[in-house]
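Visitor: Once you've had a glance at the structure underneath, I'll fire off some questions.
Since every read-out is calculated from the coordinates, none of them should be taken as a lab result. What you are looking at is a predicted structure, and each value in this text was computed from that prediction instead of being measured. Cβ coordinates were reconstructed from backbone atoms using ideal geometry, including for glycine residues, and neighbour counts include every protein chain displayed.
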Ligand code: WT7
């Protein structure tokens, strides 16, 4: 056990404090709240702009805020181009290791070459500024090149996580009207090849907008290629069109950088839209300050670039900050549970950022595995995705961090672009609390009227101010964006996060969990409505309900209740079939743990399923107020 524990607070060592980029949280926080625009302007000055901005914040059309309007910038100019002029040019930008142990590394100079070639290939395929290119790939360096190539030429990317099914991919391609799809033959998981191209082919059958599909060769499996539509990337890369020189397109600060789909209260995923300017400023500032990034750091965010964590904190922010980024394609415990710890030692990782579910998953195997390795290079540890339970926190802190490394628990969302609540390395920690708001942010825990609730009481988490990294809208659905996030407290101008939380006497924030119909499974965000609509799309199902129930490793798992159609008989076989059906409709991450066949579902008189009642019954708890329950 660490001895630097005091009154429930865990203090950073003098070494951490003396080295910190930001040494005094309180005074800078005070300044950032009183001078929000000045604070963000100062941070924006650390980036390279092609044309200066006019106004820092334009709030004339709430909640459609604009940041650094009138300014011109390209995030790739900051993530790559500007590093080519100085010492960073020959520094490693990316070190990548495959599950099988292959290593590829790229200096900033090499990254520029790869991205420029990819950009020229995209141009030759007719990709223009403003298009949305869909990317469906395993975690290989080309995924990062493809994202940056789009941004470089002014196209927006829409990355669809490689674990999603063809149905989910098709729906996202269609929503984005993508003409070009970038994929790979496949990847590996636990030594088994995964055939992504076959899934992409199925998706393309259902989404007629795709005219060109570029396939990166990765796992070497045989795939079906359609002449005229499908091209191997290495064939294109060998052509003169793929020149390693490509100009970086000047973009308006508010031009789209990407859309990224996330789950919400309806079955239809929301395409959250982020921009070049504000997103670059917000992600790079948070990254530099919370992870105390130093020029020599080797930084590893063990997420998938297909999620917002990967977009912000594998790809964009670390490259803007000129860091060396570690990437690993594969399972954390393959071939043995020491895989990650072996890589920390081998590459001398200084900062490791992961999720509570991954920590709990590795903790299961005991201390023996990490203890076989020298983890003394680690300086800071990060956590994201769901609340971290104190047991996992202690294990991460004591066994992985050797009692030296502050745990940076970062609360944020796809919608927020970057971390909103997090400690700095100098912040005294309370295990399980994401601690305090990041600079410029005022976080409220409020009741239905938007009034702050007293310390210790549960309330709704709101953000009381705009911030540069905020999503600008839901793609093609401004109304839904305005009402869903900003509608409940329109008079006060608060953003509703959808989480419930508490604040304690010391001003520390404690996230409790989602209040809406969103379930976090292993940190992945899934909507009950998506799961339910996948179930009712099965021929045997008449009605269904999905709830999340606590699970030791995954945080939550999905339990479903199904009413079968007349004449269909329930059995074990059918239950397995329905689980598989959900997995093939959405992806394996959405596969229910349990399917329970029922005759009826608890509903309100207006016909809404009372998931709260199902949950209480499953947990053997009090069912609460049932006055609205239908007979
Ligand atoms: C939801 C957003 C942010 C990148 C990954 C998730 C939960 C996220 C924490 C944390 C407690 C957390 C919230 C939030 N969440 N980080 N540190 N402590 N809860 O992004 O998939 O958009 O999910 O994740 O419930 O609303 P996302």
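Visitor: Based on the mean of other beta carbon atoms within 10 Å per residue, what is the order of 550-560, 162-172, most packed first?
Guide: Working: 550-560: 18.8, 162-172: 22.4.
The peptides rank, most packed first, as 162-172, 550-560.
Visitor: Still on this structure: Mind checking Rg over Rh on region 273-361, alpha carbons, Kirkwood formula for Rh? Spell out each step's value before the answer.
Guide: Numbers: Rg = 13.5 Å, Rh = 13.7 Å.
Over the Cα atoms of region 273-361, Rg/Rh equals 0.99.
Visitor: Going highest first, how would you order 277-290, 331-344 by mean Cβ packing within 10 Å? Walk me through the numbers on the way to the answer.
Guide: Values: 277-290: 27.2, 331-344: 18.1.
The most tightly packed comes first, giving 277-290, 331-344.
Visitor: Compute the distribution of all C-alpha to C-alpha distances in region 496-555, in bins of 10 Å from 0, and list the percent of pairs in each, rounded to whole numbers.
Guide: Per 10 Å bin, starting at 0, the Cα pair percentages come out as 19, 38, 28, 10, 4, 1.
Visitor: What percent do you get for the relative contact order of region 277-433 when only Cα pairs under 8 Å and 6+ apart count?
Guide: Working: 268 pairs, mean separation 37.8, N = 157.
Relative contact order, region 277-433: 24 percent.
Visitor: Let me ask something else. Relative to 2.2 N^0.38 Å, what does the C-alpha radius of gyration of region 442-512 come to as a ratio? Two decimals please.
Guide: Working: Rg = 12.8 Å, N = 71, 2.2 N^0.38 = 11.1 Å.
Expressed relative to 2.2 N^0.38 Å, the Cα Rg reads 1.15.
Visitor: Report, to one decimal in Å, the Kirkwood hydrodynamic radius for region 111-157 based on all distinct Cα pairs.
Guide: Kirkwood hydrodynamic radius for region 111-157: 10.3 Å.
Visitor: Here's something else I'd like to know. Would you please calculate the Kirkwood hydrodynamic radius of region 361-470 over all C-alpha pairs and express it in Å, rounded to one decimal?
Guide: Values: mean 1/r = 0.0637 Å⁻¹.
Kirkwood radius, region 361-470: 15.7 Å.
Visitor: Same structure again: Between residue 612 and residue 62, with labels modelled 7 Å along Cα→Cβ, what's the label distance in nm to one decimal, could you check?
Guide: Output for this residue pair reads 2.9 nm.
Visitor: How high is the relative contact order of the chain, in percent, counting Cα pairs under 8 Å that sit 6 or more residues apart?
Guide: 13 percent.
Visitor: What whole-number distance in Å separates the alpha-carbon centres of region 60-74 and region 319-373?
Guide: After rounding, the separation between the Cα centres reads 38 Å.
Visitor: To the nearest Å, what is the center-to-center distance of region 587-607 and region 489-567, using C-alpha atoms only?
Guide: With region 587-607 and region 489-567 each reduced to a Cα centre, they are spaced 12 Å.
Visitor: Where the centre of each part is set by its Cα atoms, how far does region 12-58 sit from region 274-291, in angstrom?
Guide: One Cα centre to the other: 11 Å.
Visitor: At a temperature of 20 °C and a viscosity of 1.002 mPa s, determine how fast region 176-306 diffuses translationally according to Stokes-Einstein, using the Kirkwood radius over alpha-carbon pairs as Rh; express D in µm²/s, rounded to the nearest whole number.
Guide: Values: Rh = 18.4 Å.
Reported coefficient: 117 µm²/s.
Visitor: Moving on to the next point. Before rounding to the nearest 500, sum -39500 (n - 2.57) across all DSSP H runs of length at least 4 in the chain and divide by the residue total; then give [θ] at 222 nm in deg cm²/dmol. The partial results should precede the final answer.
Guide: Values: 19 runs with 172 residues, N = 631.
Mean residue ellipticity at 222 nm (helix-derived): -7500 deg cm²/dmol.
Visitor: Same structure, new question: How high is the FRET efficiency from residue 377 to residue 129, r the C-beta distance, R0 41 Å, rounded to 0.05?
Guide: Working: r = 42 Å, r/R0 = 1.03.
Efficiency for this residue pair is about 0.45.
Visitor: Just need the relative contact order of region 374-452 here, percent rounded to a whole number, with Cα pairs under 8 Å and 6+ apart. Numbers along the way, then the final one.
Guide: Values: 112 pairs, mean separation 20.9, N = 79.
It comes to 26 percent, rounded to a whole number.
Visitor: Cβ neighbours within 10 Å, averaged per peptide: list 396-408, 122-134 in order, most packed at the top. Kindly include the intermediate steps, with their values, before the conclusion.
Guide: Working: 396-408: 20.4, 122-134: 18.4.
Sorting 396-408, 122-134 by mean packing, highest first, produces 396-408, 122-134.
Visitor: For the chain, with equal point scatterers placed on the C-alpha atoms only and solvent neglected, what are the log10 I(q)/I(0) values from the Debye formula at q = 0.09, 0.11 1/Å, to two decimals?
Guide: -0.73, -1.14
Visitor: Something else now. Compute the semi-axes of the equivalent ellipsoid of region 311-408, taking the square root of 5 times each eigenvalue of the Cα gyration tensor, and list them largest first in whole Å.
Guide: Values: eigenvalues 81, 49, 38 Å².
Result for region 311-408: semi-axes of 20, 16, 14 Å.
Visitor: Based on Cα positions only, what radius of gyration and what Dmax would you give for region 369-417, in angstroms?
Guide: Calculated on Cα positions, Rg and Dmax stand at 12.4, 40 Å.
Visitor: If you don't mind, another one. For residue 570 and residue 174, what is the calculated FRET efficiency with R₀ set at 25 Å and r taken between the beta-carbons, to the nearest 0.05? Walk me through the numbers before you get to the answer.
Guide: On the way: r = 34 Å, r/R0 = 1.38.
Using R0 = 25 Å, I get an efficiency of 0.15.
Visitor: Ok, one more. Per residue, how much space in cubic angstrom lies within the convex hull of the C-alpha atoms of region 477-610?
Guide: Taking the convex hull of the Cα positions in region 477-610, it is 164 Å³ per residue.
Visitor: Under 37 °C and 0.692 mPa s, how fast does region 213-273 diffuse according to Stokes-Einstein, given a Kirkwood radius computed over C-alpha pairs? Answer in µm²/s, whole number.
Guide: 208
Visitor: With a Förster radius of 51 Å, plug the Cβ-Cβ distance of residue 621 and residue 209 into 1/(1 + (r/R0)^6) and report the FRET value to the nearest 0.05.
Guide: Details: r = 48 Å, r/R0 = 0.93.
The formula returns an efficiency of 0.60 here.
Visitor: Can I ask one more? Treat region 118-254 as a sphere of radius equal to its Kirkwood radius over Cα pairs and apply Stokes-Einstein at 25 °C in a medium of 0.890 mPa s; give the translational diffusion coefficient in µm²/s, rounded to a whole number. Can you show the working numbers first?
Guide: On the way: Rh = 14.9 Å.
Translational diffusion coefficient: 164 µm²/s.
Visitor: Quick one: length gained pulling residue 605 to residue 48 fully straight, 0.36 nm per residue minus the C-alpha distance? Could you put the intermediate results ahead of the total?
Guide: On the way: separation 557, 0.36 × 557 = 200.52 nm, distance 5.77 nm.
Length difference between fully extended and current span is 194.7 nm.
Visitor: If N is the number of residues in region 1-153, what value comes out of its Cα radius of gyration divided by 2.2 N^0.38 Å?
Guide: On the way: Rg = 20.9 Å, N = 153, 2.2 N^0.38 = 14.9 Å.
The reported ratio for this selection is 1.41.
Visitor: Report the label-to-label distance for residue 453 and residue 103 in nanometres (one decimal), using points 7 Å from each Cα along the Cα→Cβ vector.
Guide: Once both label points are built, they end up 5.1 nm from each other.
Visitor: In nm, to one decimal, how far is the modelled label at residue 628 from the one at residue 515, with both set 7 Å along Cα→Cβ?
Guide: 1.3
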